[in-house]
Every structure is written in C-alpha cells, then in structure tokens.
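Student: Structure below; questions to follow.
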Amino acid sequence: MPDPIKPRPARGALQRVRTGSRTTVACLGCKDKKLRCDAQVPICTNCRRYNTECLVEDPATKRHHPRNYLETLEQRVATLEGVIRGMHATPPSNDRTAVQDNELSDLSSMIGTLSLNAAGAEPHYLGSSSAFAFARFVEPVIRQAITSMPPRIAVQLSDAYFGNIHTQYPFLHEPTFRQWETRLYNPTHAAILTDSGRVPLYFLNMAYAVGALLLPNSGYSPEQLYASALLYIDDILCYDNLECIQAILCSATYSLRSSKGTSHWKLAGQALRQCINLGYHRNHRRLGLNVSPAQVEMQKRTFWSAYTMECAAAVMLGRPLSLNYNEIDAEFPLDVEYDADGSRNPRPTGLLTYANPGFSIRALQGRIQTALYADLTSASDTETRSKQIENLREVLKTWNTSIPSTPITPPAVGALSFFTTPDWYQCSYNYTLLQLYRLQITNVKVPAPFDIILECIQAAESSCRCFRRQFIGTPTTYTWSALHELFIAGLTYLYCLWISPTAREVIRPDRVSSTCTDCIMVLVAIAEQWKDAAPYRDVFEILSNNTMTIMTSWQEGNALQTATGATAVQTTARHDTIFPSYLLDWMTGISQEAGISTGVDRLLNGFFDDFVFPELPDIV
C-alpha cells in the first residue's frame with residue numbers, strides 16, 4: 001500500500017530542523033571555500049590553517065556564532081553564579097578571600113577569552129551586541145579587582161609602559177595619564193575620576209596591560225587587564241576624535257607584543273584612516289584649525305605613531321600602504337612638553353629626539369615598499385629600478401648619519417623593549433638595507449654585483465649578532481616585528497651564501513656557524529614563549545645546517561681540484577637530501593600558524609624553484 005501523501009506545510013510556517021548526533025554542520029568558511037569541514041571544536045582544521053574565524057549558522061535563527069558558543073556561555077554563566085553566591089556568603093577566613101580573588105581573576109580572564117576569541121575582538125564588533133555587553137554585568141566585580149591593585153604595582157606597570165613603549169610611539173599624553181593614575185588610587189579624587197567618564201579607565205587598564213606584558217612577573221595577568229580595558233572602549237570608539245585613535249593604537253601596541261589579540265595590521269590601519277579622516281596627515285597651518293599648540297603636538301604624535309605602525313606591519317606582511325608618503329605634509333612633532341592643563345613645560349624631556357628618527361626610518365621602509373614592491377602596473381626597466389634603489393640608498397645613508405650620537409637612556413629596570421637598547425638603530429638600518437636590495441639579490445636574470453651581496457651578508461651578520469646581544473640573558477621582551485626582522489636577516493644570510501660562490505670562498509665556515517648560532521638561539525628563545533614561532537626556528541635550523549654542509553662540500557671540492565687538477569666535485573647533495581620533503585610542509589606551516597612577511601617568499605623561492613610561499617594571515 002503506498003504511503004499517504006503528507007500535507008505540504010503552509011508557506012511561511014516554521015519547520016523543525018532535524019539535528020542529531022550524526023549531523024555535521026560545516027562552518028561558513030569551509031562552505032565558502034568548498035572544503036570538507038571536520039567540525040572540530042572550537043575551530044575546524046581548515047579555519048585553524050588559514051587563521052580565520054570558525055563560525056556556523058544556526059538553522060533556526062540564521063545567526064552566525066562559534067561552534068561551541070552555547071557551551072562557552074553556559075560555562076561562563078555557571079562560573080558567574082558561583083562567584084555571586086560566594087560574594088553573598090561570609091568568608092570564614094583569609095583563605096576564603098584568596099579563593100574569591102582567584103575566582104574573580106578567572107572570571108575576568110574567561111570573559112576576556114570569550115570576547116577575544118568568540119567575538120573576534122574586531123573593532124566593529126565592540127558594540128552593544130558583542131560579548132562585551134555580557135561582560136558589563138560583572139563590571140563592578142572586575143573594577144573591584146582592578147582597584148585592589150597596589151599603587152606601587154600600578155606605577156611599576158605604567159613606568160614600564162612610558163619608559164619603553166612611549167619612547168617609540170608617544171601618542172599618549174603622559175601628564176594627563178599620571179593625573180588619572182593619582183586620582184584612581186586617591187580616595188579623595190576617585191569619585192572625580194569616575195564622574196569624568198569611562199575614558200580614563202580604558203587608558204589606565206590598557207597601559208597596565210602592556211606594562212604587564214613587559215613585566216611578566218608582576219603578578220597581574222595582561223589578558224585580564226586587556227579584557228578589563230575593553231569594557232570601556234565603546235564610549236570611546238563611538239566618536240571620531242583624537243581619543244578614539246589613541247584607544248585603537250593602544251590595542252595595536254598590545255597586539256604587537258602578545259600572542260593574543262586583534263591583528264596589529266588591521267588596528268594600525270584603522271587608526272591611520274581615522275587620522276586621515278580628521279586631516280592629521282596635513283600641515284595644521286594649511287587647514288587653519290583653531291586648536292591649541294598642545295593639541296597640535298598630540299595630533300602630530302598620534303598621526304606619526306599610527307602611520308609608522310601601519311608601515312611596519314604592511315612591510316612585514318608585504319601589503320600596500322593605506323597612505324602614500326607623498327600625500328603627507330604633516331611635520332614631525334616638536335621636542336616640547338605640555339602639562340595636563342595645556343601649559344607649556346619649560347623642561348622638555350628629549351623624548352622626540354629618539355622618536356622622530358624612528359618615525360623617519362619606518363616611513364622610509366614604507367617608501368621602499370611602495371616604490372619597489374607595490375607598483376605592479378608599471379614595468380620599470382633595470383636602469384630605472386637601479387636609480388630608484390640608488391636614490392633610496394642615499395636617503396638611508398642620510399638617516400644613518402643623522403641619528404642621535406648618544407644612545408637612549410634605558411629605564412631604571414632595564415631595557416624592556418628593543419627600541420630602548422643601543423642596537424635598535426643599527427638593526428633598523430640593516431633591516432632597511434636588506435629590504436632595499438632584496439629584489440636585486442633574488443633577480444635570477446640579472447645577478448646582483450658581489451659588493452651588494454657582501455653588503456647584505458654584513459648587514460645580516462650584524463643583525464643576528466645584535467639580536468642575540470639584546471634578547472639573550474636580558475629582560476628585553478619579544479615582538480612579532482623582532483621575530484620577522486631576525487628571520488629575514490638569517491634567511492638573507494643563508495641565501496647570499498647559497499647563490500654566490502665568491503661569498504662561499506670569502507666567508508669562513510666558523511664565521512657562518514657563529515652567525516647561524518646567534519640567529520638560532522634567539523629563535524629558540526622566542527619559540528619557547530610563542531608556539532607560533534616554532535616553525536621559523538625549525539626551518540632556519542634545517543636550512544643553516546644544510547648550508548653548512550654545502551659550504552663544507554664546496555671547500556673540500558675546491559681543495560681537491562687544487563691538489564689534483566681534477567674537475568671540481570659536486571658541491572651540493574641531492575635535493576631531497578639537502579632539503580627533505582617535510583621541510584616544505586613546515587614552511588607552509590609558517591604561513592598558516594603565524595603572520596610574517598611575504599618578503600620571505602622571494603628568498604625561499606631561491607632555495608626551492610617550484611616552491612610558492614602562500615599568503616600569510618593577519619596575526620600581526
């Protein structure tokens with residue numbers, strides 16, 4: 001007997017969506033790319049590989065959320081209920097108070113994790129519909145934990161920030177910050193700080209978060225302080241003003257030094273576009289705006305901080321700049337200081353004496369990126385390109401002769417950032433030089449002259465030596481920029497030895513071994529702190545070992561030829577011996593696990609003719 005015809009549901013009627021243990025919902029990213037989704041929780045293998053957000057669509061509501069979104073919320077709510085119950089109970093002893101303190105810390109960290117990972121921590125997700133709205137329910141609890149920080153620790157964290165970060169990116173007004181800090185820990189003025197709005201609380205927490213990254217033994221979690229700062233960001237981002245740009249730059253500064261957080265490149269780019277929107281890239285005299293001298297200086301400091309941050313990130317990732325250098329006529333900031341009330345301080349700190357050369361070299365790197373790497377529409381002939389390189393080389397020489405003769409004085413606790421070390425200027429010079437000549441040394445049609453190859457070898461050697469001196473056995477903290485610059489230096493060094501027989505004759509093996517050891521030691525140290533740096537360590541270690549094998553074979557072959565007059569022996573081993581197949585997988589893993597320059601691909605292509613370095617994600 002045939003089955004009866006089932007009635008068709010009325011148009012618009014709700015239909016039950018069948019779900020079950022066998023139902024596997026592919027994420028949106030896999031659907032778009034037409035990939036097989038393995039539905040791993042909290043992120044599928046494909047999304048982890050491409051460093052993209054793993055979201056699924058709710059079949060009933062059509063809303064997009066992480067696969068474990070419900071379980072995560074349930075866990076947070078359960079934890080919150082437990083904390084609330086504990087707050088109403090009378091603690092029998094100091095032990096109970098300590099347990100509650102840990103619960104508050106865990107709760108704040110979990111809320112921060114939910115906001116950073118589940119919501120993506122993108123600036124346009126920070127509205128009332130984001131996870132930060134949920135976090136506001138426990139804001140009083142978090143604020144209580146933050147204000148319980150001893151003033152001595154708070155000052156240590158802020159001193160670490162202003163002594164190490166502010167010297168390079170002076171976009172905050174330190175006298176105003178110090179005024180907020182004094183009010184925060186002074187019962188008489190605490191109410192004044194609260195009444196002045198949520199803006200001070202964001203910048204205080206953000207500076208403390210970066211300070212905690214610089215001082216990992218401070219006893220305070222950078223992630224917790226960062227999550228606490230983001231509770232107050234909505235009231236800042238809703239305005240197109242100076243404070244909005246400063247807030248974004250604070251987040252970018254945090255991301256540059258942390259393995260968590262939003263893309264440094266995205267944040268710096270957004271801050272720069274806000275600067276352009278407000279006209280900060282233009283000379284203030286041409287705009288004729290009625291602003292005080294103190295405001296003008298803060299606008300210039302903020303613009304150049306945003307511009308050079310974006311330049312550094314764009315060069316690192318091999319991406320075009322948001323603003324061409326030729327469209328800028330804003331002056332560099334003056335070395336003057338203004339108090340919190342806007343009055344000029346007659347005693348300048350000398351801060352801009354060191355910050356402005358930093359702005360200059362980053363801007364030059366951006367110019368090189370635009371002139372040599374980003375212009376794909378015009379096919380410049382070799383002579384024209386050589387003139388461009390020569391002109392930019394003269395600019396680099398001029399910069400090198402104009403840097404301060406006296407190194408910057410490191411903070412009392414020691415140099416916690418690379419910028420405050422004596423080697424920063426030398427490494428910046430070396431990095432820019434390698435960026436300038438990379439196209440020439442990787443040009444297989446027109447081989448680079450040996451003097452350029454030798455100059456690149458010397459610059460790379462110098463950088464590896466400086467990085468080891470400043471990062472091994474010192475309190476200097478790591479950044480994604482440092483990892484990138486070191487890896488580029490080491491890879492360029494090996495590549496020059498690979499392509500130049502003359503270099504292999506001139507450079508002694510013990511000198512090569514020493515340089516490679518310098519580079520590997522720092523890469524190992526960084527990988528111990530950031531797992532995403534492990535592929536760089538592994539790849540460079542294999543390449544350096546195999547390059548040493550090649551050099552030894554080369555010199556033995558030359559010695560044999562000299563002694564016997566026979567034809568030179570083969571100087572390289574078989575391709576699959578020198579470069580095992582799994583090395584390609586590791587190199588591919590570099591691009592999937594961490595975001596470092598696409599400039600690496602030119603050098604790697606020199607080692608592997610058929611290897612195409614894939615596009616890099618947005619970790620930086």
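The values are calculated or read from the model by the stated rules, or taken from the named source; none is laboratory data. Everything numeric in this text was worked out from a predicted model, so none of it was measured. Note that each Cβ is placed from the backbone with ideal geometry, even for glycine, and that neighbours are counted across all protein chains shown.
Student: Count, please, the residues in the stretch 213-225 that happen to be crowded, with 24+ Cβ neighbours inside 10 Å and either modelled with pLDDT under 90 or over 18 Å from Leu249 (Cβ atoms) (or both).
Tutor: Of the residues in that region, 1 qualify.
Student: Only residues that are acidic (Asp, Glu), in contact (Cβ under 8 Å) with a residue 24 or more places away in the chain and part of a loop (DSSP other than H, G, I, E, B): list them for the stretch 315-341, please. Let's see the steps before the verdict.
Tutor: Initial filter on the stretch 315-341 (acidic (Asp, Glu)): 327, 329, 331, 335, 337, 339, 341.
Subsequent filtering for residues that are in contact (Cβ under 8 Å) with a residue 24 or more places away in the chain retains 327, 329, 331, 337, 339.
Once the filter is applied, which keeps residues that are acidic (Asp, Glu), in contact (Cβ under 8 Å) with a residue 24 or more places away in the chain and part of a loop (DSSP other than H, G, I, E, B), the stretch 315-341 yields Asp329, Glu331, Asp339.
Student: Looking only at the stretch 26-42, which residues are touching a residue at least 12 places away in the same chain (Cβ under 8 Å), part of a loop (DSSP other than H, G, I, E, B) and surrounded by 15 or more Cβ atoms within 10 Å (Cβ to Cβ)?
Tutor: Passing the criteria: Ala26, Cys27, Cys37, Ala39, Pro42.
Student: Going through Ser255, Ser263, Ser305 one at a time, which residue ends up being modelled with pLDDT under 90 and hydroxyl-bearing (Ser, Thr, Tyr)?
Tutor: Numbers: Ser255 fails: modelled with pLDDT under 90; Ser305 fails: modelled with pLDDT under 90.
That would be Ser263, the only listed residue that is modelled with pLDDT under 90 and hydroxyl-bearing (Ser, Thr, Tyr).
Student: What residue, among those in the stretch 298-345 that are surrounded by 19 or more Cβ atoms within 10 Å (Cβ to Cβ) and of a type in the set (Asp, Glu), is nearest to the chain's Cα centre (by Cα)?
Tutor: Ranking the candidates gives Glu310 first.
Student: Another question about this same structure. Taking the options Gly288, Gly279, name whichever one is over 18 Å from Asp240 (Cβ atoms) and not assigned by TED's automatic domain parsing to the domain that holds Leu436.
Tutor: Working: Gly279 fails: over 18 Å from Asp240 (Cβ atoms).
Only one candidate passes the filter, namely Gly288.
Student: On to the next question. From (1) outside any loop (DSSP other than H, G, I, E, B); (2) surrounded by fewer than 17 Cβ atoms within 10 Å (Cβ to Cβ), pick out the condition that doesn't hold for Lys445.
Tutor: Here Lys445 clears every test but (1).
Student: From the list Leu454, Leu486, pick out the single residue that is over 19 Å from Leu256 (Cβ atoms) and part of a helix (DSSP H, G or I).
Tutor: Answer to the check: Leu454.
Student: Would you check which residues across the stretch 1-38 are closer than 20 Å to Glu71 by Cβ and modelled with pLDDT under 85 and list them?
Tutor: Those that are closer than 20 Å to Glu71 by Cβ and modelled with pLDDT under 85: Val17, Thr19, Gly20, Ser21, Arg22, Thr23, Thr24, Val25.
Student: Looking for something assigned by TED's automatic domain parsing to the domain that holds His484 and closer than 27 Å to Thr502 by Cα - is there at least one such residue anywhere in the stretch 401-420?
Tutor: Initially, the stretch 401-420 is screened for residues assigned by TED's automatic domain parsing to the domain that holds His484, giving 401-420.
Subsequent filtering for residues that are closer than 27 Å to Thr502 by Cα retains none.
No: zero hits.
Student: Follow-up question, since we're still on this one. Please verify whether the stretch 412-419 includes one or more residues that are surrounded by 20 or more Cβ atoms within 10 Å (Cβ to Cβ) and part of a helix (DSSP H, G or I).
Tutor: So far as the stretch 412-419 goes, yes, one or more of its residues are surrounded by 20 or more Cβ atoms within 10 Å (Cβ to Cβ) and part of a helix (DSSP H, G or I).
Student: Which of (1) assigned to a helix (DSSP H, G or I); (2) more than 22 Å from Arg344 (Cα to Cα); (3) not small (Gly, Ala, Ser) is the odd one out, the single condition Gln295 does not satisfy?
Tutor: Gln295 satisfies all of (1) assigned to a helix (DSSP H, G or I); (2) more than 22 Å from Arg344 (Cα to Cα); (3) not small (Gly, Ala, Ser) except (2).
Student: Do we find that Arg469 is assigned to a helix (DSSP H, G or I), basic (Lys, Arg) and within 28 Å of Val413 (Cα to Cα) in this structure? Steps first, please.
Tutor: Numbers: assigned to a helix (DSSP H, G or I): yes; basic (Lys, Arg): yes; within 28 Å of Val413 (Cα to Cα): yes.
So Arg469 passes the test.
Student: All but one of (1) among the hydroxyl-bearing types (Ser, Thr, Tyr); (2) assigned to a helix (DSSP H, G or I); (3) at pLDDT 95 or above hold for Ser228; which doesn't?
Tutor: Failing condition for Ser228: (3).
Student: For the stretch 70-79, does any single residue satisfy the condition of being surrounded by 10 or more Cβ atoms within 10 Å (Cβ to Cβ), part of a loop (DSSP other than H, G, I, E, B) and modelled with pLDDT of 75 or more?
Tutor: Within the stretch 70-79, not a single residue is surrounded by 10 or more Cβ atoms within 10 Å (Cβ to Cβ), part of a loop (DSSP other than H, G, I, E, B) and modelled with pLDDT of 75 or more.
Student: Considering each of Ala503, Ala415 in turn, give the residue that is within 26 Å of Ser255 (Cα to Cα), among the aliphatic types (A, V, I, L, M) and touching a helix residue (DSSP H, G or I) at 6+ places or on another chain (Cβ under 8 Å). Before you say what the answer is, go through the steps one by one.
Tutor: Values: Ala503 fails: within 26 Å of Ser255 (Cα to Cα).
One residue alone meets the criteria, Ala415.
Student: Does Pro348 qualify as being assigned to a loop (DSSP other than H, G, I, E, B), surrounded by 13 or more Cβ atoms within 10 Å (Cβ to Cβ) and without any contact (Cβ under 8 Å) to a residue 40 or more places away in the chain?
Tutor: Yes; evaluated as a whole, the condition is true for this residue.
Student: Mind checking whether some residue in the stretch 514-536 is modelled with pLDDT under 90, assigned by TED's automatic domain parsing to the domain that holds Pro447, farther than 25 Å from Asn443 by Cα and of a type in the set (Lys, Arg)?
Tutor: Applying the first criterion (modelled with pLDDT under 90) to the stretch 514-536 yields 529-536.
Within this subset, residues satisfying the condition of being assigned by TED's automatic domain parsing to the domain that holds Pro447 are 529-536.
Still in the running and farther than 25 Å from Asn443 by Cα: 529-535.
Then drop every residue that is not of a type in the set (Lys, Arg), which leaves 531.
Taking every residue of the stretch 514-536 in turn, at least one turns out to be modelled with pLDDT under 90, assigned by TED's automatic domain parsing to the domain that holds Pro447, farther than 25 Å from Asn443 by Cα and of a type in the set (Lys, Arg).
Student: Would you confirm whether or not the stretch 273-292 contains a residue that is in contact (Cβ under 8 Å) with a residue 40 or more places away in the chain, small (Gly, Ala, Ser) and surrounded by 21 or more Cβ atoms within 10 Å (Cβ to Cβ)? Let's see the steps before the verdict.
Tutor: So the first thing to find is which residues in the stretch 273-292 are in contact (Cβ under 8 Å) with a residue 40 or more places away in the chain, and the list is 273, 276, 280-284, 286, 292.
If we keep only those that are small (Gly, Ala, Ser) too, we end up with 292.
Going one step further and asking which of them are surrounded by 21 or more Cβ atoms within 10 Å (Cβ to Cβ), we end up with none.
Looking through the stretch 273-292, none of the residues is in contact (Cβ under 8 Å) with a residue 40 or more places away in the chain, small (Gly, Ala, Ser) and surrounded by 21 or more Cβ atoms within 10 Å (Cβ to Cβ).
Student: Also, quick follow-up: Which one is nearest to Leu230 (Cα to Cα) among residues in the stretch 243-288 that are assigned to a loop (DSSP other than H, G, I, E, B) and small (Gly, Ala, Ser)?
Tutor: Gly261
Student: If you check every pair at least six apart or on different chains, which have Cβ atoms under 8 Å apart with a residue in the stretch 232-256 that is of a type in the set (Lys, Arg) first and a residue that is modelled with pLDDT of 95 or more second?
Tutor: Once the first residue is of a type in the set (Lys, Arg) and sits in the stretch 232-256, no partner that is modelled with pLDDT of 95 or more comes close enough.
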